[in-house]
Amino acid sequence: MSKILLAFENPAYRWMWIASLTNAFSFMPLVMALGWLLLEMTDSPFIVGLAIGLGGIASMIFSPFAGVLVDRLNRRTVMIFSQLLMGLPIFIVGILVVVESIEVWQLILASILSGIARAFSNTARSTLTFDIVGRKTIMNAMAGQFISFQIAGIIGPLSAGYIMQAYGPGHLLLVISLSLFISAICVLPIPNLSTKSTPTGSIWGNFKAGLDFVLNDNPIRTVMLVLLFTESLGFACWSMFPIVARDVLGAGPVVLGFLSTFRSLGGIIGAITVSAAGDIKSKGWVLIGADIIFGVFLIFFAFSNNLIMSLALIMIVGAFGTTVSTISSTLAQTMAPEAMRGRVMGLHGFITSSFGVGSLVMGTLATFLGVSWAIAMGGASVSTNAIRSIPQAGFIGERSRSE
């Protein structure tokens, strides 16, 4: 237990954890609310994927730029303002839904604006966490962050399903915006922490230096590619949950909430396991092995039409998916030079935001092939790429131990 709670000995990290928790309450409920609204308004899986996808694309485009600014500006300030700006468009569309004046383009625009703000928030959060806890505790701290995401993933979707059932998606959007505003407030007690070095020169030059480092560093490049496939073709399947709930399982918003909740329950198991393991030496082998298993069980989930079986399978998928996320984030942070950490994590954010592009791909595949085959193809692609990366596993482990 002491290993699991190691990072919580730092008061600033405790505030960061609470801010992350309240922020995390917004993500899956937002996907659920937008997805369910658009499915009811258009009856089109493609439009569902498009809305979530464009938000992710916006986050992708702005994440590298966010990384440059996070290396140059106060990370605490960036995080506060990005949380506020993330909640504002969601609050506005929530009001429009409640008063029954909402249109499809407004939901898509809200997804895009929220995605842009999320790019800055995520990059500032990860780098500020490293500043707070330091190199030796970062894996424990990142596991703690992912535990907060998964706790929110259990309570958030389940609550969101009941809120939509009882009050409608408009009120759910208002609750989501409130959680984001609270997250910004929770960052205020964290002290200002100055970085040891700040990059000089042009923003474009700073960006290019970070990109060159990631592309030319073999261990980091391999980690980023593993994460790219996992996010864009694995985690993107979460955007298909409304279609799985309605068309495969023949259910409604409550079961939709259960799917996300059980995925997050598995995520908590994965994050606690990583946190309790301490300083894992063979991080490369654990990363790639977990990714292979993640993809295989995602294929099993794709073809299940039994509720109990689907919930069990998605819980296993969630456990191994969170293991991949925790270790890949830790490796990216620890392998990056101090002055370049923001840019590396900005590119890391670019990749994690490929969830949106993958959602667009999943929506398109589901339209033409059916949702089950779309998810199965995503899982197969993830496992295939992880198998291809096996020769690099040892090098990743050696590099992580040498830093």
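Taking the Cβ of each residue in 322, 137, 364 as the centre, tally the other Cβ atoms inside 10 Å and list the residues starting with the fewest.
Working: 322 29, 137 19, 364 16.
With the sparsest Cβ surroundings first, the list reads 364, 137, 322.
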* **Relative packing of 291-300, 35-44, which averages over residues the other C-beta atoms within 10 Å, highest first** => 291-300, 35-44
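Can you put 208, 283, 136 in order of Cβ neighbours within 10 angstrom, beginning with the fewest? Don't skip to the end; give the middle numbers.
Details: 208 14, 283 25, 136 10.
So the residues, fewest neighbours to most, are 136, 208, 283.
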* Approximate spin-label separation residue 43-residue 282, in nm, with each point projected 7 Å along Cα-to-Cβ -> 5.4
* Inter-label distance, nm, simple model (7 Å from Cα along the C-beta direction), residue 101/residue 88 -> 1.9
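With Cβ to Cβ distances under 11 Å as the rule, what net charge do the other residues near residue 56 carry (K, R +1; D, E -1)? Working shown, then result.
Working: positive: 118; negative: 231.
Value of the local net charge: 0.
What list do you get for 221, 341, 14 if you sort them by fewest beta carbons within 10 Å? Provide the component values of the computation, followed by the final result.
Values: 221 14, 341 25, 14 17.
The order, fewest Cβ neighbours first, is 221, 14, 341.
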* Structure fact -> Out of 250, 55, 153, a Gaussian network model of the chain with alpha-carbon springs under 10 Å gives the largest mean-square fluctuation to 250
* Structure fact -> The size of the Cβ-based charge dipole (Lys, Arg +1; Asp, Glu -1) of the chain about the Cα centre, to the nearest 20 debye, is 1000
* Asked: Near the amide H of residue 251, under 5 Å away, which other amide H atoms are found, from residues 5 or more places off or on another chain, if H is placed in the peptide plane?
  -> 246
* Mind checking which of 361, 340, 155 is farthest towards the positive end of the chain's charge dipole, using Cβ charges of +1 (Lys, Arg) and -1 (Asp, Glu) about the Cα centre? => 340
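How much FRET efficiency would the formula 1/(1 + (r/R0)^6) give for residue 135 and residue 215, where r is the Cβ-Cβ distance and R0 is 41 Å, rounded to 0.05?
Values: r = 24 Å, r/R0 = 0.58.
It comes out at approximately 0.95.
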* **Top positive-direction residue, dipole computed over the chain with Cβ charges, set 95, 112, 321** => 321
* To do: Enumerate the residues in segment 229-257 having an amide nitrogen under 17 Å from the point lying 7 Å beyond the Cα of residue 373 toward its Cβ.
  => 244, 248
* Could you work out Rg/(2.2 N^0.38 Å) for segment 206-335, with Rg from alpha carbons only? -> 1.18
* Asked: Separation between the residue 202 and residue 388 pseudo-spin-labels, each 7 Å from Cα along Cα→Cβ, expressed in nm?
  -> 3.4
* Sort all Cα-Cα distances of the chain into consecutive 20 angstrom bins from zero, then give the percent of pairs in each bin up to the one containing the longest distance. => 30, 61, 9
* Alpha-carbon centroids, segment 10-85 and segment 143-189: separation in whole Å -> 12
* Asked: Residue separation times 0.36 nm, minus the C-alpha to C-alpha distance between residue 306 and residue 73: what's the value?
  -> 78.8 nm
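Values quoted throughout were computed directly from the atomic coordinates according to the rules given, and no laboratory measurement underlies them. Small disclaimer: the values here were computed from a predicted structure and weren't measured. Using ideal geometry, Cβ is built from the backbone for each residue, glycine included, and neighbour counts are taken over all protein chains shown.
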